[in-house]
Amino acid sequence: MTLFEVIVLAIIEGLTEFLPVSSTGHMIIATALMGISPTPFVKLFTIAIQLGTILSVLVLYYRRFFRSLSFYYKLVVAAIPASIFGFFFSDAIDGLLESPMVVGITLVVGGVVLLFVDKWFNKPHTDDSDEISYAQALKIGLFQCLALIPGTSRSASTIVGGMTQGLTRKAAAEFSFFLAVPMMFGATVLKLKDHFDGGHGLSNLEINQLIIGNIIGFIVAIIAIKSFIGVVSKYGFKAFGWYRIIVGGIILVLLLSGHSLQIL
């Protein structure tokens, strides 16, 4: 990859990872437009730069990670369902990952859901994500299983899950951020393991690209998170719903017009 491509992909990752718009869908469009081939390093890069976005959550909400052990227990409980489903249905998930058409469809369907989610769950009673029970954490974790379908968006599924449990939009979004830390860290570690187990190394150039990508992703993610909280608290999710429909529509149009899109 060129330096320009590294910067663009890192910005996209930082902007979209915590928003309910599917970072996968955006990566498909970006790599298609730039003509980036899905080499082993490119596949590693798109996952490994999540470390920078994880760090942005730790920096912005560092006080939350020192409040109590129950905070971590709830994150573990919420992470269990997707971990189990991912383990037992990995082959089926890998099959879905090879279909950009699935991504386009789920982006549109998820967008339609976001158009109405504010009306469906308009009587929240929990404004602090620390106040959720273990049962609520588990139910949110079950919603996260939907994110195993490419294009659904981990953020969207967990935020909607939180709202079904009576969390305000702000509290649901914040719990989604926190839950991303163990899930994304685990995914990064597994991807690094697969990369090296497959006999692939890292050149000095590739190491530098990973460093640059993580730094940019970190900075952009901080801006995206702070902006997102303010927008959803005041305006809700309808704009993100329409945006998903547009992005999904673009992917479907590209596919139907004969473009060969790759999921990294």
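The values are calculated or read from the model by the stated rules, or taken from the named source; none is laboratory data. Predicted model only: the values in this text are computed from it and were never measured. Neighbour counts run over all protein chains shown; Cβ positions are idealised from the backbone, glycine included.
Annotations
- Contact map, region 87-98: first residue modelled with pLDDT of 65 or more, second residue small (Gly, Ala, Ser), Cβ cut-off under 8 Å, separation 6 or more or different chains; pairs are 93/86.
- Single residue of 230, 236 found to be under 20 Å from the mean Cα position of the chain (by Cα), surrounded by fewer than 14 Cβ atoms within 10 Å (Cβ to Cβ) and closer than 20 Å to residue 155 by Cα: 230
- Only residues that are over 17 Å from residue 27 (Cβ atoms) and in contact (Cβ under 8 Å) with a residue 12 or more places away in the chain were counted across region 196-211, and they come to 4.
- Selection of region 181-210 for residues being at pLDDT 90 or above and either exposed (fewer than 13 other Cβ atoms within 10 Å of the Cβ) or closer than 30 Å to residue 161 by Cβ (or both) yields 203, 204, 205, 207.
- Residues of region 169-215 satisfying the condition of being touching a Lys or Arg at 6+ places or on another chain (Cβ under 9 Å), under 15 Å from residue 52 (Cβ atoms) and of a type outside the set (A, V, I, L, M): 191
Let's see how each residue does on (1) in contact with a Cys (Cβ under 8 Å, 6 or more places away or on another chain); (2) closer than 28 Å to residue 209 by Cβ:
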position	(1), (2)
23	no, yes
47	no, yes
73	no, no
81	yes, no
84	no, no
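- Among the residues of this structure, residue 129 does not count as one that is within 22 Å of residue 239 (Cα to Cα) and of a type in the set (S, T, N, Q).
- Of all residues in region 25-36, those satisfying the criterion of being touching a residue at least 12 places away in the same chain (Cβ under 8 Å) and either in contact with a Pro (Cβ under 6 Å, 6 or more places away or on another chain) or farther than 21 Å from residue 190 by Cα (or both) are 25, 26, 28, 29, 30, 31, 32, 34, 36.
- Among the residues of region 12-24, some residue qualifies, meaning at least one is of a type in the set (Phe, Trp, Tyr) and in contact (Cβ under 8 Å) with a residue 12 or more places away in the chain.
- All helices (runs of 4 or more DSSP H) inside region 1-116 with 3 or more residues being out of contact with any helix residue (DSSP H, G or I) (no Cβ under 7 Å at 6 or more places or on another chain) and surrounded by fewer than 18 Cβ atoms within 10 Å (Cβ to Cβ): 69-88, 90-97
- Hits in region 154-167 - residues which are of a type outside the set (Gly, Ala, Ser) and either assigned to a helix (DSSP H, G or I) or in contact with a strand residue (DSSP E or B) (Cβ under 7 Å, 6 or more places away or on another chain) (or both): 154, 158, 159, 160, 163, 164, 167
- Of all residues in region 117-137 being surrounded by fewer than 18 Cβ atoms within 10 Å (Cβ to Cβ) and part of a helix (DSSP H, G or I), the one that is modelled with the lowest pLDDT: 130
Results for (1) among the small types (Gly, Ala, Ser); (2) touching a Phe, Trp or Tyr at 6+ places or on another chain (Cβ under 9 Å), shown as yes or no for each residue.
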{"position": "173", "(1), (2)": "yes, yes"}
{"position": "226", "(1), (2)": "no, no"}
{"position": "238", "(1), (2)": "no, yes"}
{"position": "242", "(1), (2)": "no, no"}
{"position": "261", "(1), (2)": "no, no"}
